[in-house]
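Below: one structure, written as structure tokens.
The values are calculated or read from the model by the stated rules, or taken from the named source; none is laboratory data. Predicted model, so just to flag it, every value in this text is computed and none were measured. Because the Cβ atoms are built from the backbone with ideal geometry, glycine has one as well, and the counts that use them run over all protein chains shown.
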Amino acid sequence: MKVTEYVKFDAVGLADLVARGEVTPAELEAAAREATRAVDPRINAVVETWPTDDEPAPGSAPLAGVPFLIKDIGVTMAGRRMELGSRLAAGLVARADSFLMRRLRRAGLVTFGRTATPEMAYSNTTEPALYGATRNPWDPERSAGGSSGGAGAAVAAGVVPLAHATDAAGSIRIPAACNGLFGLKPTRGRISAGPDFDEVFNGLAVQGCVSRTVRDSAALLDQIRGPEPGDPYFAQEPARPYAEEVTRHPGSLRIGVLGQAWGGHRTTVPVTDALSRTVRLLESLGHRVQETEAGLGVDWEEFVLAGARQWTANLTAQVDELAAALGRPVDSTTLEPPVLASYHYGQRVGGAQFVSALAVRNRVARSLAQYFDAYDLLLTPTLPDLPVPLGTHAEGAEALDGLGWLRRLFDLSPFTTVFNVAGTPAMSVPVTADTGTGLPVGMQFAAGYGREDRLFRLAAQLEQASPWRERTPVVWAGHQADD
């Protein structure tokens, strides 16, 4: 299969070709590797590829033979490196598959490499010292987002139709918005983080993917959802497969709109214009849309402080464990300035402060739950601005402590993290693009706990009403392969 043909299909379409005997998994893998060679030198999204001779035969699995990439954090594959984008963990090799990796294998995906992430996934841009900056395929001078920036750039550029991603504060939705993709953060407890973790960042982080089509994300979530033995909690199983939800009409939804973020960070004109166009589209589809407020139950500074305490305490424990296991120091030779500063901040977080941070999490979850009693969905921009230039996050970062660094991240992405705290599902949909630059603009829709079904139905309707799949970036495997 030629790359120019390969990039025309999503994962479900490729799996169908395999099932009908029109193409082999080996041919798909060869096309994916050729696509990687064609575009990755320009975007730096894939940090490693490997032979797949030891992969089990896909057989009749739902996504049989589809090429796939895993993120350099959050999932372990036996015998493969997981370095967390950090010099501290450089060369770290996983001893066993995580529960998620087992499910990815059972789905039939052919995992042939890993994608870039910022150090410890502790940023919403992907510019680690270990492997260098990942560039946005739409404009290589701009950020591809984070922390799943490598996944976002690889999928947007046509390397694979979908890729593994994680989300602790927006790390699925931010790169989806930056790269013109669909990205859904599932409900807390929907996918197991085991067996090495019971919950990541006290339940803030979840597993998932970014994809070019809605049905691909639905199909993958069907394969990886559900509890494993020992999980601390899990979300109630859906009434029907998500792959079926994308074929169902969403009905007339009550959708609240929040155009300006909590904390007073202003949304820029290109994004507010895109939001207005999205509202008009929703109304034309029969939805009831109105401006609204969505209280967090706490003020913004209390929210940021609690986040800093919760995040940094978790980070410090993780760093100490890695340093001890690998026999490496915790200093500027192993950690970048923002992460090192956050590590030291976490060392000073007391037990009572940490418990108070968890109480803030509870108040936010209760407050947003009340909101979703009144509205089916909440619409916000995914990000308040277009993808920022590379280097924006790093400006003056060496002078920030752990609280200051987290405040910067929350200021740059003020809409996303509240739904990680609340544990509710949220998605970024590439409904439209900036009329001036052509850059994609993501719109975020959030739903009540366990209501991914509602999100998938609306996303499929929006995909049909405002198709985005044919929009391709400057760096696109289908173009590069012709050169």
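Could you list, ordered by first residue, the pairs with Cβ atoms under 8 Å in which the first is in the range 111-123 and farther than 20 Å from Val200 by Cα and surrounded by fewer than 24 Cβ atoms within 10 Å (Cβ to Cβ) and the second is among the hydroxyl-bearing types (Ser, Thr, Tyr) and at pLDDT below 95, at least 6 apart or interchain?
Thr111/Thr52; Phe112/Thr52
Quick check: is even one residue across the range 144-165 of a type outside the set (Gly, Ala, Ser), in contact with a Gly (Cβ under 6 Å, 6 or more places away or on another chain), under 23 Å from Ala433 (Cβ atoms) and in contact (Cβ under 8 Å) with a residue 12 or more places away in the chain?
no
Can you work out which of the residues in the range 226-249 that are among the charged types (D, E, K, R) and under 23 Å from the mean Cα position of the chain (by Cα) is nearest to Val12 (Cα to Cα)?
Glu244
Within the range 339-384, can you find the residues that are β-branched (Val, Ile, Thr), surrounded by 17 or more Cβ atoms within 10 Å (Cβ to Cβ) and more than 17 Å from Arg254 (Cα to Cα)?
Matches in the range 339-384: Val339, Val349, Val360, Val364, Thr382.
Matching residues to (1) under 30 Å from Arg37 (Cβ atoms); (2) of a type in the set (Ser, Thr, Tyr); (3) assigned to a loop (DSSP other than H, G, I, E, B); (4) modelled with pLDDT of 95 or more:
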{"residue": "Gly438", "(1), (2), (3), (4)": "yes, no, yes, yes"}
{"residue": "Leu458", "(1), (2), (3), (4)": "no, no, no, yes"}
{"residue": "Leu462", "(1), (2), (3), (4)": "no, no, no, yes"}
{"residue": "His479", "(1), (2), (3), (4)": "yes, no, no, no"}
{"residue": "Asp482", "(1), (2), (3), (4)": "yes, no, yes, no"}
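Looking at the range 328-344, I want the residues that are within 16 Å of Leu130 (Cβ to Cβ) and have a partner that is modelled with pLDDT of 95 or more and charged (D, E, K, R) with Cβ atoms under 6 Å, at least 6 apart or on another chain. Which pairs are those?
What qualifies is Thr334/Arg87; Thr334/Arg328; Glu336/Glu119; Pro337/Glu398; Val339/Glu119.
Restricting the search to the range 464-473, which residues are within 19 Å of the chain's Cα centre (by Cα) and under 20 Å from Pro250 (Cα atoms)?
Trp468, the sole residue that qualifies.
Counting just the residues of the range 452-483 that are of a type in the set (Lys, Arg) and touching an Asp or Glu at 6+ places or on another chain (Cβ under 8 Å), which one comes out farthest from Ala365 (Cα to Cα)? Let's see the steps before the verdict.
At the first step, the residues of the range 452-483 found to be of a type in the set (Lys, Arg) are 454, 457, 469, 471.
This time we only want the ones that are touching an Asp or Glu at 6+ places or on another chain (Cβ under 8 Å), so: 454, 457, 469.
Working: Arg454: 19, Arg457: 24, Arg469: 34 Å.
Within the range 452-483, the match that is farthest from Ala365 (Cα to Cα) is Arg469.
Do we find a residue being among the hydrophobic types (A, V, I, L, M, F, W, C) and modelled with pLDDT under 95 anywhere in the range 59-70?
Within the range 59-70, one or more residues are among the hydrophobic types (A, V, I, L, M, F, W, C) and modelled with pLDDT under 95.
Across the range 128-155, what is the number of residues that are of a type outside the set (A, V, I, L, M, F, W, C), part of a loop (DSSP other than H, G, I, E, B) and over 16 Å from the mean Cα position of the chain (by Cα)?
The number of residues fulfilling the criteria is 4.
Going by the conditions given, is Ala89 under 24 Å from Glu470 (Cβ atoms), in contact (Cβ under 8 Å) with a residue 12 or more places away in the chain and crowded, with 24+ Cβ neighbours inside 10 Å?
Working: under 24 Å from Glu470 (Cβ atoms): no; in contact (Cβ under 8 Å) with a residue 12 or more places away in the chain: yes; crowded, with 24+ Cβ neighbours inside 10 Å: yes.
No, not satisfied.
Return the pair list, or none, for Cβ contacts closer than 8 Å from residues in the range 258-273 that are under 12 Å from Leu383 (Cβ atoms) to residues that are of a type in the set (Ser, Thr, Tyr) and crowded, with 16+ Cβ neighbours inside 10 Å, at least 6 apart or on different chains.
Once the first residue is under 12 Å from Leu383 (Cβ atoms) and sits in the range 258-273, its partners that are of a type in the set (Ser, Thr, Tyr) and crowded, with 16+ Cβ neighbours inside 10 Å give Ala261/Thr267; Ala261/Thr380.
For (1) over 19 Å from the mean Cα position of the chain (by Cα); (2) surrounded by 19 or more Cβ atoms within 10 Å (Cβ to Cβ), each residue gets a yes or a no:
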{"position": "Pro430", "(1), (2)": "no, yes"}
{"position": "Thr435", "(1), (2)": "yes, no"}
{"position": "Gly438", "(1), (2)": "yes, no"}
{"position": "Gly442", "(1), (2)": "no, yes"}
{"position": "Ala459", "(1), (2)": "no, yes"}
{"position": "Leu462", "(1), (2)": "yes, yes"}
{"position": "Val475", "(1), (2)": "yes, yes"}
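Would you pick out the residues in the range 59-72 that are buried (at least 19 other Cβ atoms within 10 Å of the Cβ) and at positive phi?
Restricting attention to the range 59-72, the residues satisfying the condition of being buried (at least 19 other Cβ atoms within 10 Å of the Cβ) are 61-72.
Gly65 - this is the single residue of the range 59-72 that is buried (at least 19 other Cβ atoms within 10 Å of the Cβ) and at positive phi.
Kindly check whether there is at least one residue in the range 46-56 that is under 30 Å from Leu326 (Cβ atoms) and surrounded by 20 or more Cβ atoms within 10 Å (Cβ to Cβ).
Looking through the range 46-56, at least one residue is under 30 Å from Leu326 (Cβ atoms) and surrounded by 20 or more Cβ atoms within 10 Å (Cβ to Cβ).
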